[in-house]
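Chemist: Here it is, the structure, as structure tokens.
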Amino acid sequence: MRTLLLLFPILLSAVLGCKKEDPVLDPEIIEAQKIAALQNQFHGKYGIVSSVSNEAVDVNMDGVTSTNLFQEIDILPSEKNYHFDVEVRIYGTNPLSAGPAYIFSQSWPEQYIRIENEVWTGGPGLNYDPSLRMDFLRQGTSRQFYFSEDLKLLNVLPSDKENPYRWVKPESVAVDPAGRLVIVNKRYLYTKNGVKQVSITSVYERFTKET
């Protein structure tokens, strides 16, 4: 009996020592799960729901200034069946890439004005002239971005050749509590008071996860 009592702790240690260790998750599986979660939360096309400037401007030349750019730029509100205003693409690692890809695209109604044989480049220094005809052309560009650790910011990276006046990189892209993107851009606008540089805060809401 004494021998059995002495052997019991040894047998118990042996049994516990043979307990199966907790499985270690494959890093590739963890990364795939992370990408899938980000895609579910952010991947897709977004339409603009509001846009305000920090200074009242008269873009439609009706003599009335406003900070509500929906009133000043009539093609700014989204036609979601035909175009997107912002697109977020999130891709996992594949044989052609060294890591995940995060791509941010934003379009905007750029102003075009022909002055004699040239087209206004979008910069400062153009005075108002009622004889000039202004057209809008919805244009944009794509850039890479990365998330902040808390997923509250999309940090958009500059492209190799940035145009200082058109297709400008966002100053900031934040995620509001409703999951919408709040984007701040500094843009030059041709107005009835000449060219003004204003800070524009626009809110975009995802309307499809398809890209």
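The values are calculated or read from the model by the stated rules, or taken from the named source; none is laboratory data. As the structure is a computational prediction, the values presented were derived from the model and not from experiment. When we count neighbours, we look across all protein chains shown, and the Cβ atoms used for this are built from the backbone with ideal geometry, even at glycine. All accessible areas refer to the heavy atoms of the entire protein, side chains included, with ligands and DNA or RNA removed. Shrake-Rupley method; radii C 1.70, N 1.55, O 1.52, S 1.80 Å.
Chemist: State whether one or more residues within the range 21-28 are at pLDDT 75 or above and under 23 Å from the mean Cα position of the chain (by Cα).
Modeler: no
Chemist: Just for the range 97-126: of the residues that are open to solvent by 50 Å² or more (accessible area, probe 1.4 Å) and free of Cβ contacts under 8 Å to residues at least 40 places away in the same chain, which one is nearest to the chain's Cα centre (by Cα)?
Modeler: A98
Chemist: Could you run through the range 137-163 and say how many residues are open to solvent by 50 Å² or more (accessible area, probe 1.4 Å), touching a residue at least 40 places away in the same chain (Cβ under 8 Å) and among the basic types (K, R)?
Modeler: So the answer is 1.
Chemist: Pairs only if they're at least six apart or on different chains, beta carbon under 9 angstrom, first in the range 179-196 and under 30 Å from A37 (Cα atoms) and open to solvent by 60 Å² or more (accessible area, probe 1.4 Å), second assigned to a strand (DSSP E or B) and of a type in the set (S, T, Y); list them, first residue then second.
Modeler: R180/Y46; R180/Y204
Chemist: Within the range 128-136, can one find any residue that is of a type in the set (S, T, Y), open to solvent by 80 Å² or more (accessible area, probe 1.4 Å) and free of Cβ contacts under 8 Å to residues at least 60 places away in the same chain?
Modeler: Looking through the range 128-136, at least one residue is of a type in the set (S, T, Y), open to solvent by 80 Å² or more (accessible area, probe 1.4 Å) and free of Cβ contacts under 8 Å to residues at least 60 places away in the same chain.
Chemist: Next up: If you take the residues in the range 82-112 that are more than 21 Å from K169 (Cα to Cα) and aromatic (F, W, Y), which one is modelled with the highest pLDDT?
Modeler: Y91
Chemist: So which of V64, V88, V52, V156 is over 22 Å from V184 (Cβ atoms) and aliphatic (A, V, I, L, M)?
Modeler: V64
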